[in-house]
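Here is the structure we will look at, set down as structure tokens.
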Amino acid sequence: MIKVLFSTTSFETIDNGPALFANLLKQHLSDENGYILKMVTEDIENSTDEVYKIDLKKNRFNKFFYQFFRIYKYYKKAKEINKEFNYDLLVYNNAFTGVLSTIFDKKPVIVMVNDDNKLSFKRNKIKFTKAFFKFNMLYLLEKKAAQNADVVIVNSKYMNTLIQRVYHISSNKVQTLIKGINVGRYSFPKKGKFENEIQVLFVKADFKRGGLFDLITAISLLPEYSIKLNIIGPPVHTLNEIKEFLKKKNVLNYNLHGPLHPDEVLSYFKKCDIFSVPSYKEALGVANMEALASRLSVISTNVGGIPEVLDYGKCGWLIEPGNPQELSRAIKECIENEKMRLEKIENGFKHVQTLDSRYLIENFKNILLKAKGI
């Protein structure tokens, strides 16, 4: 029997990949023969038999040192839980929160690096700002955790190569675990020809990193088509800024939402025709998987792990980031070349079957066994 303690900063608020993964583990791994799973998180109302709650609140008094305080609280809680649970493996869903455990815990510690934010942060120019200090601090903490951990899990081949190079970690310590999706949840009937109004979908909280303004500009260059742009995910306080840009570019046919419940987002995947998040940076791009499973045409960028998801262009259009003109040409080709569009949709639907989440748990279990030395 292998006892696993899984530490995650997000759990009940399911609005990101790590939270989805934590819930998927709780649903499946805890029911598997040979495994006992316990979790620890700050993102739960009350503790349960399976999930321990950490009391953490950011305020004006601890704001500056909050991340250090957070790391200490997770480390201390893991030590307390060990006295009663006596775990075999300790897993951190966010690497930097596990830095103290990677240094002081005598049991195997696994950390997960879910994005390239810190890995690709530019430090060649010193800036005397809080943001610069914060990113460098988190970079150093994540780097230290990754270097000291027994196993580092990343979510794409791109991330595997990047973390070895930037954090100077040996290849045998880094494991790739592609965060697949429940494909069956998105398997909608095949779409026929476009209706008179073409529905384009953008889903991303960090809309600037996701290239939303490039997408709006690209659509403004296609006045000959009736296109409705559906935007989901940006923080509510940014919506006026987005509205002003839409008005500036004379893109007036749109739906604009902040964060939505996953079921509401699912309804947009069902009704839309084209999915486009022309990201500047992306470790993997799970939303592109959701689009492929929904039989949408996908137009994205040739960065990070996106080419892996789109099978290097066989399942969608890959353009260079920051190029609205090229993006508009790709949208135009998608609309006008029906044969190519349907071929890419079919390729995408077949390809995404290999990324189904049912393989995720088995692959994760294999990593756990390796870390345990079995």
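Brief remarks on what is shown
- Hey, residue 87 under 25 Å from the mean Cα position of the chain (by Cα), hydroxyl-bearing (Ser, Thr, Tyr) and either farther than 30 Å from residue 130 by Cα or part of a helix (DSSP H, G or I) (or both) or not: no
- Unique residue being of a type in the set (A, V, I, L, M, F, W, C), surrounded by fewer than 24 Cβ atoms within 10 Å (Cβ to Cβ) and within 18 Å of the chain's Cα centre (by Cα) when the list is 364, 349: 364
- Taking the criterion of being out of contact with any Phe, Trp or Tyr (no Cβ under 6 Å at 6 or more places or on another chain), of a type in the set (Gly, Ala, Ser), surrounded by 23 or more Cβ atoms within 10 Å (Cβ to Cβ) and not in a helix (DSSP H, G or I), the residues of the stretch 280-323 that qualify are 283, 285, 297, 300, 316.
- In the stretch 246-263, the qualifying residues are those that are in a helix (DSSP H, G or I) and at pLDDT 95 or above, and the one that is surrounded by the most Cβ atoms within 10 Å (Cβ to Cβ) is 246.
- Just one of the listed residues (332, 370, 344) is part of a helix (DSSP H, G or I) and touching a Ser or Thr at 6+ places or on another chain (Cβ under 7 Å), and it is 344.
- One residue stands out in the stretch 167-183 among those that are touching a residue at least 24 places away in the same chain (Cβ under 8 Å) and not basic (Lys, Arg): the one that is nearest to residue 363 (Cα to Cα), namely 177.
- For the stretch 29-57, the set of residues classified as of a type in the set (A, V, I, L, M, F, W, C) and at pLDDT 90 or above consists of 36, 37, 39, 40, 44, 51, 54, listed by residue number.
The values are calculated or read from the model by the stated rules, or taken from the named source; none is laboratory data. Just so it is clear, the model here is predicted, and its values are computed rather than measured. With ideal geometry, Cβ positions are generated from the backbone for all residues, glycine too; neighbour counts draw on all protein chains shown.
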